[in-house]
Amino acid sequence: MSTIAAVLESKGAMTALRRSLPKGGPKVVSCRSAEALQRTLEKRLIDAVVLAPQAGLLPQLTSLRTRLPRIPLLVYGPFRPDDGELLLACRDSGSAVAVEGVDDPIVGELVIRSSMTAERRRSLAEGPRVLRLTEELQRAAWDLLVGDVERPVRTSVLARRLRISREHLSRQFGAGGAPNLKRVIDLTRIACASQLLANPGYSIPTVVRVLHFTSAGHLATTAKRIANVPTAGLGDLGPRGVLAAFVRGNTRSRR
């Protein structure tokens, strides 16, 4: 499940954000300060950040955009008529804006639409075609895997979510020339690693931690096997580049 980090002053705004998200959708983690937000970003995979238009927001926006330019930001709160400078700063930084009391019913939709998961889905939209995932079961599994990248998904868990047996899933997923399931799980996780490493504020150890790789060596080995690049090269590829590199010669297991 994806996670949204929120630094909001109003309990009403936090409630509206949670209520506007779909059932079973992203979890919202409340952070009380910029320092708490930073700790959260370093410990878990964050899909988007929601900030209140509070005092000190402009320096915070500048800092976040410098360190984490690819992390979606939404500024959400009760804007005042004299907040023109703040609104311009939000626009210039690429942050979306939602007004508390006006956009409450759709604020969750705004966050999801610009989230890292949504961007990853757009970047990997050609995946089913180029990986030969032609059957409904293969595409359903792919759809779940693209959105669930924080930890390696066990075949038994994926099968349970698809309401089929583990054996049937393992047998049918690789049919018709498609890659085996283990390699596709690794592909979607390396695609996410490439998103994170495109941000100067994400170090390799941080990516190892938030994506639950066992070590930097494990991440490096997986990146090489999936995309044929060292870990440091993932940020330049991005998810679309990772998919293209995978298709060029890494779709079949060497084991």
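The values are calculated or read from the model by the stated rules, or taken from the named source; none is laboratory data. All values derive from a computational prediction rather than experimental measurement. We place every Cβ from the backbone using ideal geometry, glycine too, and count neighbours over all the protein chains shown. These accessible areas exclude ligands, DNA and RNA; they are computed on the full protein's heavy atoms, side chains included. Shrake-Rupley method; radii C 1.70, N 1.55, O 1.52, S 1.80 Å.
Kindly indicate whether residue 128 is farther than 23 Å from residue 20 by Cβ and open to solvent by less than 60 Å² (accessible area, probe 1.4 Å). Show your work before the answer.
Values: farther than 23 Å from residue 20 by Cβ: yes; open to solvent by less than 60 Å² (accessible area, probe 1.4 Å): yes.
Yes, satisfied.
What is the one condition in (1) surrounded by 16 or more Cβ atoms within 10 Å (Cβ to Cβ); (2) under 20 Å from residue 132 (Cβ atoms) that residue 143 does not satisfy?
(1)
Among the residues of segment 48-62, what is the count of those that are open to solvent by less than 30 Å² (accessible area, probe 1.4 Å) and either in contact with a Pro (Cβ under 6 Å, 6 or more places away or on another chain) or of a type in the set (A, V, I, L, M, F, W, C) (or both)?
So the answer is 7.
All but one of (1) without any contact (Cβ under 8 Å) to a residue 24 or more places away in the chain; (2) touching a strand residue (DSSP E or B) at 6+ places or on another chain (Cβ under 7 Å); (3) among the charged types (D, E, K, R) hold for residue 100, so report the exception by its number.
The single condition residue 100 does not satisfy is (1).
Need a quick list: strands (runs of 3 or more DSSP E) entirely within segment 1-97 having at least 3 residues that are in contact with a strand residue (DSSP E or B) (Cβ under 7 Å, 6 or more places away or on another chain) and either in contact (Cβ under 8 Å) with a residue 60 or more places away in the chain or hydrophobic (A, V, I, L, M, F, W, C) (or both). Show your work before the answer.
Numbers: elements: 3-7, 27-30, 48-51, 73-77.
So the answer is 3-7, 48-51, 73-77.
I need a count of the residues in segment 214-239 that are free of Cβ contacts under 8 Å to residues at least 12 places away in the same chain and within 24 Å of residue 1 (Cβ to Cβ).
Looking only at that region, the number is 2.
I need a count of the residues in segment 15-37 that are open to solvent by less than 50 Å² (accessible area, probe 1.4 Å) and within 21 Å of the chain's Cα centre (by Cα). Outline the logic, then answer.
Looking only at segment 15-37, we keep the residues that are open to solvent by less than 50 Å² (accessible area, probe 1.4 Å), and these are 16-17, 20-21, 25-26, 28-29, 31, 33-34, 36-37.
Applying the additional criterion that residues be within 21 Å of the chain's Cα centre (by Cα) yields 17, 20-21, 25-26, 28-29, 31, 34, 36-37.
Final tally of qualifying residues: 11.
Can you find even one residue in segment 97-117 that is within 30 Å of residue 51 (Cβ to Cβ), among the basic types (Lys, Arg) and open to solvent by 40 Å² or more (accessible area, probe 1.4 Å)?
Residues of segment 97-117 that are within 30 Å of residue 51 (Cβ to Cβ), as a first pass: 97-117.
Among the residues that remain, those that are also among the basic types (Lys, Arg) are: 113.
Those left that are additionally open to solvent by 40 Å² or more (accessible area, probe 1.4 Å): 113.
Looking for residues that are within 30 Å of residue 51 (Cβ to Cβ), among the basic types (Lys, Arg) and open to solvent by 40 Å² or more (accessible area, probe 1.4 Å), one finds at least one in segment 97-117, hence yes.
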